[in-house]
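Participant: Structure below; questions to follow.
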Amino acid sequence: MNSSANISESELKNEVEKLHSLNQLILDSVAEGIYGIDLEANVIFWNKAAEELTGFSMSDFQENNLHNLIHHTNQQGEHVPLTDCPVYHALISGESLFVEDDIFWKKDGTSFPVEYTIKPMQEQGKHVGTVITFRDMSEKIKTEEMLAEWEKLLVVGQMSAGIAHEIRNPITSLKGFVQLMKESKQLNEEYFDIMDSEFNRIETIIKELLMFSKPQKTSFKQHDIKDLVSQVVLLMEPQAVMKNIRLVTNWQSCESVYISCLDHQIKQVFINLIKNAMEAIESDGEIVLTITTGQKEVTITVKDDGPGISPDHVEKLGQPFYSTKESGTGLGMMVTTNIIKNNHRGSLEVESEVGKGTVFEVRLPLVGGKGS
Ligand SMILES: Nc1ncnc2c1ncn2[C@@H]1O[C@H](COP(=O)(O)OP(=O)(O)OP(=O)(O)O)[C@@H](O)[C@H]1O
Ligand SMILES: [Mg+2]
C-alpha cells in the first residue's frame, strides 16, 4: 500500500467516526424517542429522548428483548406477545406504519400513552431493520380531557335553561291537581296516575342531568347505544320543544346494540351533534336520529333540515375555535371528533347541502363484531 492510500484510509476512518458521532448528536437532540432495530429485533440505536422517556438505556437490552420491556402489555391490561406487535410486523414486512393509540412501559413499571411511526431501514437497497420514532402523548391527552370537561360544563349550562323550562310545565300541572283536590276535597285515582307520571318525568330528567355533569371515572364498559342515544334525546327534548323542533328517533329494530365505550363521552357526542343541529335550524324543523346495525359496526345518523354547510366550511369542521356563531366556542366538533376517532376507534362523516340540511354519520365498532 502506498502512503496516500494509508492517509485516505485513516481519513476515511476519521470521517466515519465523525459521521457516527454527528448522527448520535442529531438523534440525541430531538425531543422524540428514536430507536432502530435489526431484523433479529436487536436494538442497534437508542437516543437520549428514548432513554429519558422510558428510563431504559442501551445496556438493558443486552439481557432482555426491547418488546418485553416497553411493549409487553396493552391499554386493556392484556399481554401482547411479540408476534402480535405492530413493530414486529412492520419489521418483518418492511412496511411503514403509523400507530396513534398505544402505550409504552417505563423502567419504573408505569406506562404512558404514545404515538409512533415505523419506517423500514434500507442499506444499499436491502431491508436491514426498522426505525421507530415515538412521542409521549400524556400532555396532549390531558389537554383534550380538560377541553372535553370544559365543553361538557358549557353544554350542561345551556341544557339547564331548557330543562328548567320543561320542568316548570309538569310542576304547574301538579300544582293544579293539588289545588283541585284541595277544593273538591276528593281523591281522584286518575289524577294520581297523571301526577305520578309527571313526577317520574321530572325525576328522570334531573337524574340524567346530574349523571351527565358529574365527573366520570374513565373506564370502558359495554352499553346499548340505543339507551345512550335515548337518554340524550330525553335531555335535549325540552330545548327542542322550546324551539318547535321535532326530535324523531328511528331505530331499525328493538334489539340491543352493544358497544364498548365511555358512556358519558358517547352521550356528549350526541348532545353536541343535536345541539349543533338545533342551533342550525334555529326554530321550526326536524332532527331525525337513526341507528342501523351492521356486522362489525353500528351507524348512527343525525340529520337536520337546517341551512346546511357550504363545502369550504365543511373542511373547517373539527378545527379548534372554528365557529360561525356569536357565542360559539368552536370546540364542539373538535371534542366530538376526538371522542369518536381517537377514544372509540370510530369514524365521523358529514354530508351537507346548502338549503337542504346536514347529516352527520357516526360509526362505532360493535362488541363482538369482527375487527372490534
Ligand atoms: N348541523 C349543522 N348545520 C349547520 N352548521 C353546522 C352544523 N354543525 C356544525 N355546524 C357549523 O360548524 C361550526 C362548528 O361547530 P362546533 O360545534 O365545533 O362549534 P360551535 O357549535 O360553533 O360552538 P360550541 O359547540 O363550542 O358551542 C358551527 O359554528 C357551525 O357553523
Ligand atoms: Mg357546537
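Here's the yes/no breakdown for (1) on the phi > 0 side of the Ramachandran plot; (2) under 37 Å from the mean Cα position of the chain (by Cα):
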{"position": "P120", "(1), (2)": "no, yes"}
{"position": "G125", "(1), (2)": "yes, no"}
{"position": "I132", "(1), (2)": "no, yes"}
{"position": "E139", "(1), (2)": "no, yes"}
{"position": "G157", "(1), (2)": "no, yes"}
{"position": "E183", "(1), (2)": "no, no"}
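Participant: Name the one entry in K275, K296 that is within 14 Å of ligand 2 (Cβ to nearest atom), closer than 30 Å to V367 by Cα and either crowded, with 16+ Cβ neighbours inside 10 Å or touching a residue at least 12 places away in the same chain (Cβ under 8 Å) (or both). Full working, then the answer.
Facilitator: Numbers: K296 fails: within 14 Å of ligand 2 (Cβ to nearest atom).
Unique residue meeting the criteria: K275.
Participant: Also, quick follow-up: Which residues, taken from the stretch 299-343, are away from ligand 2 (no atom under 16 Å from the Cβ), under 19 Å from C261 (Cα atoms) and modelled with pLDDT under 95?
Facilitator: K341, N342, N343
Participant: Which residues, counting only those in the stretch 309-320, are within 9 Å of ligand 1 (Cβ to nearest atom) and either surrounded by fewer than 18 Cβ atoms within 10 Å (Cβ to Cβ) or of a type in the set (S, T, Y) (or both)?
Facilitator: Answer for the stretch 309-320, where residues must be within 9 Å of ligand 1 (Cβ to nearest atom) and either surrounded by fewer than 18 Cβ atoms within 10 Å (Cβ to Cβ) or of a type in the set (S, T, Y) (or both): H313, V314, K316, Q319, P320.
Participant: May I ask you to list pairs of residues, at least six apart or on different chains, whose Cβ atoms are under 9 Å apart, with the first in the stretch 167-187 being more than 18 Å from I205 (Cβ to Cβ) and the second being outside any helix (DSSP H, G or I)?
Facilitator: F177/N188; L180/Q186; L180/N188; M181/L187; M181/N188
Participant: Just the residues that are over 20 Å from I291 (Cα atoms) and part of a strand (DSSP E or B), please, taken from the stretch 326-359.
Facilitator: E353
Participant: Is there a residue in the stretch 242-259 that is more than 18 Å from I205 (Cα to Cα), outside any helix (DSSP H, G or I), within 16 Å of ligand 2 (Cβ to nearest atom) and β-branched (V, I, T)?
Facilitator: Among the residues of the stretch 242-259, at least one is more than 18 Å from I205 (Cα to Cα), outside any helix (DSSP H, G or I), within 16 Å of ligand 2 (Cβ to nearest atom) and β-branched (V, I, T), which makes the answer yes.
Participant: Identify, from the list I291, I287, I266, I274, the residue that is under 23 Å from I163 (Cα atoms), assigned by TED's automatic domain parsing to the domain that holds L234 and more than 19 Å from the chain's Cα centre (by Cα).
Facilitator: None of the others qualify; the one that does is I287.
Participant: Identify all residues within the stretch 245-261 that are touching a strand residue (DSSP E or B) at 6+ places or on another chain (Cβ under 8 Å), surrounded by fewer than 21 Cβ atoms within 10 Å (Cβ to Cβ) and not aromatic (F, W, Y); write none if there are none. Don't jump to the end; show me each part of the working.
Facilitator: Residues of the stretch 245-261 touching a strand residue (DSSP E or B) at 6+ places or on another chain (Cβ under 8 Å): 245-253, 255-261.
Filter again for surrounded by fewer than 21 Cβ atoms within 10 Å (Cβ to Cβ), leaving 246-253, 255-256, 258, 260.
Residues satisfying the conditions are R246, L247, V248, T249, N250, Q252, S253, E255, S256, S260.
Participant: How many of the residues making up the stretch 293-322 are of a type outside the set (V, I, T) and assigned to a strand (DSSP E or B)?
Facilitator: Here the count works out to 3.
Participant: Take the residues in the stretch 53-100 that are of a type in the set (D, E, K, R) and more than 26 Å from the chain's Cα centre (by Cα); name whichever of them is surrounded by the most Cβ atoms within 10 Å (Cβ to Cβ).
Facilitator: By that ranking, first place goes to D60.
Participant: Continuing with this model, one more query. Has the stretch 355-365 got at least one residue that is touching a residue at least 40 places away in the same chain (Cβ under 8 Å), within 13 Å of ligand 2 (Cβ to nearest atom) and under 20 Å from L154 (Cβ atoms)?
Facilitator: Yes, that holds for at least one residue.
Participant: Being more than 7 Å from ligand 1 (Cβ to nearest atom), over 15 Å from I271 (Cα atoms) and touching a residue at least 24 places away in the same chain (Cβ under 8 Å) is the filter here, so list the residues in the stretch 321-347 that pass it.
Facilitator: Of everything in the stretch 321-347, those that are more than 7 Å from ligand 1 (Cβ to nearest atom), over 15 Å from I271 (Cα atoms) and touching a residue at least 24 places away in the same chain (Cβ under 8 Å) turn out to be N342, N343, H344, R345, G346.
Rundown of residues vs (1) among the hydrophobic types (A, V, I, L, M, F, W, C); (2) in the same structural domain as I266 (by TED's automatic domain parsing), yes/no style:
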position	(1), (2)
V114	yes, no
E123	no, no
K126	no, no
T130	no, no
A164	yes, yes
S173	no, yes
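Participant: Further, regarding this structure: Please determine whether any residue of the stretch 81-100 is in contact (Cβ under 8 Å) with a residue 12 or more places away in the chain and closer than 21 Å to Q265 by Cβ.
Facilitator: Within the stretch 81-100, one or more residues are in contact (Cβ under 8 Å) with a residue 12 or more places away in the chain and closer than 21 Å to Q265 by Cβ.
Participant: Since G306 meets every condition but one in (1) in contact with a strand residue (DSSP E or B) (Cβ under 7 Å, 6 or more places away or on another chain); (2) near ligand 1 (Cβ under 7 Å from one of its atoms); (3) closer than 14 Å to A148 by Cα, which condition does it not meet?
Facilitator: With (1) in contact with a strand residue (DSSP E or B) (Cβ under 7 Å, 6 or more places away or on another chain); (2) near ligand 1 (Cβ under 7 Å from one of its atoms); (3) closer than 14 Å to A148 by Cα applied to G306, the lone miss is (3).
Participant: Within the stretch 345-353, is there a residue that is surrounded by fewer than 18 Cβ atoms within 10 Å (Cβ to Cβ), of a type in the set (S, T, Y), assigned by TED's automatic domain parsing to the domain that holds K243 and under 26 Å from D224 (Cβ atoms)?
Facilitator: The answer is yes; a qualifying residue exists.
Participant: Determine which single condition G368 fails, assuming it passes every other condition in (1) in contact with a strand residue (DSSP E or B) (Cβ under 7 Å, 6 or more places away or on another chain); (2) part of a loop (DSSP other than H, G, I, E, B); (3) away from ligand 1 (no atom under 11 Å from the Cβ).
Facilitator: All conditions are met except number (1).
The values are calculated or read from the model by the stated rules, or taken from the named source; none is laboratory data. Small disclaimer: the values here were computed from a predicted structure and weren't measured. Counting neighbours? That spans all protein chains shown, and the Cβs are built from the backbone with ideal geometry, glycine included.
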